[in-house]
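Below: one structure, written as structure tokens.
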Amino acid sequence: MDRRRFLKVCTAVAFAPFMLGRSFGAESFKPYKKALLLREDGKPLRPEDIDPSKEYIFFYPYRSTPCLLIDLGKKVGPVEVKLKNGTSYLWRGGVGPKGSVVAFSAICTHQLSFPKKEYSLINYYPEGKVSKLVGRDKVIQCCAHMSAFDPERGGKVIEGPAPSPLTAIVLSYEDGKFYALGTSGEEVFEDFFDAYRSELRKVYGSTRIAKELVDSCVVLEMEKYTEEVVRC
Amino acid sequence: MGVSRRDLFKAVGAGAVVSLIGSPTFAKKAETLNLPKPSKGSPRVVIVGGGWSGSTLAKYIKKKDPKVDVVLIERRAMFMSCPVSNLWLVDLVPLEFLIHSHLKPASKYGYHFVNAMVHDIDREKRFVYTNLGKIHYDYLVLATGIDYDYSQWVGTDPRDVEIAMTKYPAAFKPGNEHIRLKQKIHDFEGGNFVITVPPGLDYRCIPGPYERATMVAWFFKKNKVPGKVILIDPHNDPPVKAEGFHKAWNEYVKGYIEYLPNAQIKEVDFGRKRIVTNVGDVKFDDLNLYPRCKSAPIVFKAGLVKKGDRWPALRWPWYQTVEDERILCTGDARNQPFSKSGNTANSEAHIVAEFVVNLIRGKEMPYRPPRTLCYSGVDKEKAVWVDLTYKYDPKKNEFAFHNVKMDNTPSKKNWIAYLEWAKGLYRDMFS
Ligand SMILES: Cc1cc2nc3c(=O)[nH]c(=O)nc-3n(C[C@H](O)[C@H](O)[C@H](O)COP(=O)(O)OP(=O)(O)OC[C@H]3O[C@@H](n4cnc5c(N)ncnc54)[C@H](O)[C@@H]3O)c2cc1C
Ligand code: FES
């Protein structure tokens, strides 16, 4: 699907709220606020700011829900992704000049581990950083209970107890800038807000603030965001 | 399913199983506990035991089919975790880390939480009897965990068994025993603190006693206690994570732990405070006596264990008992082939929840094995892990370890993962 058609579909969905979050045709898309991705200095993030040998974190669609941003170095997708409920959807794949930039929610679909300031157990293993668990690089892995996901294939589960793929963050690349538009696949945000109510209150002051939708996101290197990147 | 008792006996072969259907001790006048069902015809699954297995099952049966009426019966008022308790014993995590309430998931997912003791089961009429009244079931899951079998080392004299249970508690069941053991560790002023490992592999938490011995030695070292841990082990080496434990004993807690492998306990002499083994007598100043395990008493009382056995006979690869296909045994209440671990009990319960819902609907499902991911602390902020699953061979009706992975290099990263592992599982059961 080309960008123009995709955006048309998004617009159509925006006017059909009863369909939100459902698979329609081959695509699944749940729009949130359109959010510009920014560098730490507040300028728009450009393709050359994303180093394929690193992993990045930003918060979307809510100000407390972390996502991973990855440049896979080559064009990826589209790919058919199977969901827990037996349905499947077409993940659009990467965006950017090479079609290589992807984003996924960093809340593990198994038991909701996510990157914190003190540590991150869910991380991307760039080229050359081989996961001991699955014996390969270019995976996203959660060391809490050893689930591994494939960022080249829409966040599919490669191994481990996770029951469903990572929630994909739908990105667009327009005029040299990256935007987050919404999500694809199954979400775990409601479980996340329920399980971490008191932790989120400590960090954000209230659940209401933690649940605010964002219209821009600062993208940080994971190593800078968290004290301990745990890989296994 | 509509299988009568007679059919069942036919199916398992006459004389194959010699046990009674329940026992004649029902409190006949017990009132039926009034537990409203989602609708009049809702099938009811009663789960006895709100530990790792039962808590997970109750939630996931409801998630998979809200129309099923689920009753979780647990004698304890709150959940206390055995996993990570070895770190709590030596003050490395607070008590709040271990304790959890059943009330949130019960109200969120809509199962009944009944804080009661099941003291009998009428298999014919399908009632469980509790101190609060009787409850009818369509399917019953006994997720009742373990009991201790003192007969091998202590004998059967009730006085000796009482000494073992109260003076030297095993602390491999949550609650009272753990609190007492923590006091004993903190009160210890010197000498030999003996910890025992049960024989075989069917005891709860295979690496548990090794982790405990290591962390208690760490605590003695930190507090300069003039004493040591003596670990009496019938195995020739720790069956799992041996390399990680040896590294700890040779480096981190050297001088504070003595490991006695291949030591078969012949007698525990409480009077003289010594343990007689094939490799010599061991004097103790204090003792953490962890004996052989067996299934929980209610499983025996329900007539599900063959005479002379310690575990119920099950119809593998599923969990229905040979004696009664409407009764399943899960978690540590069942025997091998799976290791008795919280992670196994939890991952197994996800699968059994699906199985039970299919059973009610008269559907079959393909077999999926549980998973065992197990961390152990070996020093302050250092841990190791093993991760594996199981392979079922239907022809031989046997299971084997499968896809075994491990990290025996003690590290802080593993320690962080260990604590997050536990938090994830608590989230799964209680939020
Ligand atoms: C010190 C220690 C460390 C451990 N470390 C780990 C670890 O790191 N990782 C790991 O995976 N596992 C570990 N384990 C093992 C883990 O705790 C057990 O495997 C797990 O608890 C098994 O779950 P379960 O539900 O079968 O049994 P339990 O959790 O024991 O639950 C059984 C429940 O049934 C209730 N019950 C029994 N009979 C009745 C009755 N008649 N009426 C009402 N209620 C009843 C009991 O009160 C109990 O709450 C450890 C265990 C110990 C003791
Ligand atoms: S929370 Fe990620 S594997 Fe369990």
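The values are calculated or read from the model by the stated rules, or taken from the named source; none is laboratory data. Note that the structure is a prediction, hence the values are computed from the model and not measured. Backbone-built Cβ (ideal geometry, glycine too); neighbour counts: all protein chains shown. For the accessible areas, the whole protein counts, side chains as well, though only heavy atoms, and no ligand, DNA or RNA atoms are used. Shrake-Rupley method; radii C 1.70, N 1.55, O 1.52, S 1.80 Å.
Step through the table entries A:K98/A:K156; B:K29/B:K363; A:K129/B:K241, compare each Cα-Cα distance with 27 Å, and write down the pairs that go over it.
Where the Cα-Cα span goes over 27 Å, the pairs concerned are B:K29/B:K363.
Would you mind checking the tilt of helix B:412-430 against the longest principal axis of the Cα atoms of chain B, expressed as 0 to 90 degrees and rounded to 10?
For helix B:412-430, the angle is close to 30 degrees.
Pull out a ≥ b ≥ c, the square roots of the eigenvalues of the alpha-carbon gyration tensor of the range B:86-184, then state rounded if a/c is under 1.5, prolate if not and a/b is larger than b/c, and oblate in the remaining case.
oblate
Within the range B:324-431, list the GluC sites (Glu not before Pro) lying in a DSSP loop whose Cβ has at most 11 other Cβ atoms in a 10 Å radius.
Here the GluC sites (Glu not before Pro) that fit, given the DSSP loop and packing criteria, are B:E364.
Under unit Cβ charges (Lys, Arg +1; Asp, Glu -1), what dipole magnitude, rounded to 20 debye, does the protein assembly as shown have relative to its Cα centre?
Charge dipole, the protein assembly as shown, about its Cα centre: 1420 debye, nearest 20.
Given Cα pairs under 8 Å that are at least 6 residues apart, what percent is the relative contact order of chain B?
19
Could you tell me which of rounded, prolate or oblate describes chain B, using a ≥ b ≥ c as the square roots of the eigenvalues of the alpha-carbon gyration tensor, with rounded for a/c under 1.5 and, failing that, prolate when a/b is larger than b/c and oblate otherwise?
Verdict is prolate for chain B.
How large is the accessible surface per residue of the protein assembly as shown, computed with a 1.4 Å probe and reported in Å² as a whole number?
41
Where in the range B:359-419 are there chymotrypsin sites (Phe, Trp or Tyr not before Pro) that are in a DSSP coil and have at most 15 other Cβ atoms within 10 angstrom of their Cβ?
Of the chymotrypsin sites (Phe, Trp or Tyr not before Pro), the ones in loops of the range B:359-419 whose Cβ has at most 15 other Cβ atoms within 10 Å are B:Y367.
Once amide H atoms are placed 1.01 Å from N in the peptide plane, what residues at a sequence separation of 5 or more from A:K138, or on another chain, have their amide H within under 5 Å of its amide H?
A:Y125, A:E127, A:G128, A:K129
Show me the trypsin sites (Lys or Arg not before Pro) within the range A:95-198 that DSSP assigns to loop and that have at most 10 other Cβ atoms within 10 Å of their Cβ.
Passing both the DSSP loop test and the Cβ count: A:K117.
Please list, or write none, the lysines whose alpha carbon is within less than 16 Å of the alpha carbon of A:K224, excluding same-chain residues fewer than 8 places away.
Of all the lysines, those that pass the test against A:K224 - Cα under 16 Å, at least 8 places apart if same chain - are A:K54, A:K116, A:K117.
Remind me, relative contact order of the range B:151-293 in percent, using alpha carbon pairs under 8 angstrom and six or more residues apart?
32
If you roll a 1.4 angstrom probe over the protein chains with everything in place, what fraction of the accessible area of the protein assembly as shown belongs to carbon and sulfur, to the nearest %?
Percent of accessible area from carbon and sulfur atoms in the protein assembly as shown: 51.
What accessible area, summed over both chains, is buried at the B-A interface (1.4 Å probe, Å², nearest 100)?
1900
Using the Kirkwood radius built from alpha carbon pairs, what does the Stokes-Einstein equation give as D for the range B:151-293 at 4 °C and 1.567 mPa s, in µm² per second?
Answer, rounded: 85 µm²/s.
Which order do B:V161, B:V70 take when ranked by solvent-accessible area (1.4 Å probe, heavy atoms of all protein chains), largest first?
B:V161, B:V70
As an exercise, take the mean of 1/r over every pair of distinct alpha carbons in the range B:359-406, invert it, and state the Kirkwood radius in angstroms.
Answer for the range B:359-406: a Kirkwood hydrodynamic radius of 13.4 Å.
With the cut-off at 1.5 for a/c, could you classify the protein assembly as shown from its C-alpha gyration tensor as rounded, prolate or oblate?
Note, shape of the protein assembly as shown comes out oblate.
Can you check what the Kirkwood hydrodynamic radius comes to for chain A, Cα pairs only, in Å to one decimal?
17.6
Put B:R292, B:R123 in order of accessible area, largest first, 1.4 Å probe: what do you get?
B:R292, B:R123
For the range A:154-232, take every pair of Cα atoms, bin their distances at 10 Å starting from 0, and report each bin as a whole percent.
Histogramming the range A:154-232 at 10 Å steps yields 13, 30, 46, 10, 0 percent.
Could you tell me the distance between the Cα centroids of the range B:361-431 and the range B:95-166, to the nearest Å?
25
Report the Cα centroid-to-centroid distance between the range A:170-208 and the range B:293-336 in angstrom, as an integer.
Computed from Cα coordinates, the inter-centre distance equals 45 Å.
Can you send over the solvent-accessible area of B:K266, 1.4 Å probe, protein chains only, in Å² to the nearest 10?
Its accessible surface works out to 130 Å², give or take rounding.
Any idea how far apart A:L83 and B:E96 come out in nm if each label point goes 7 Å out from Cα toward Cβ?
Inter-label distance under the simple model: 3.7 nm.
Excluding residues on the same chain fewer than 8 positions from B:K40, give the lysines whose Cα lies under 17 Å from its Cα.
List returned: B:K62, B:K67.
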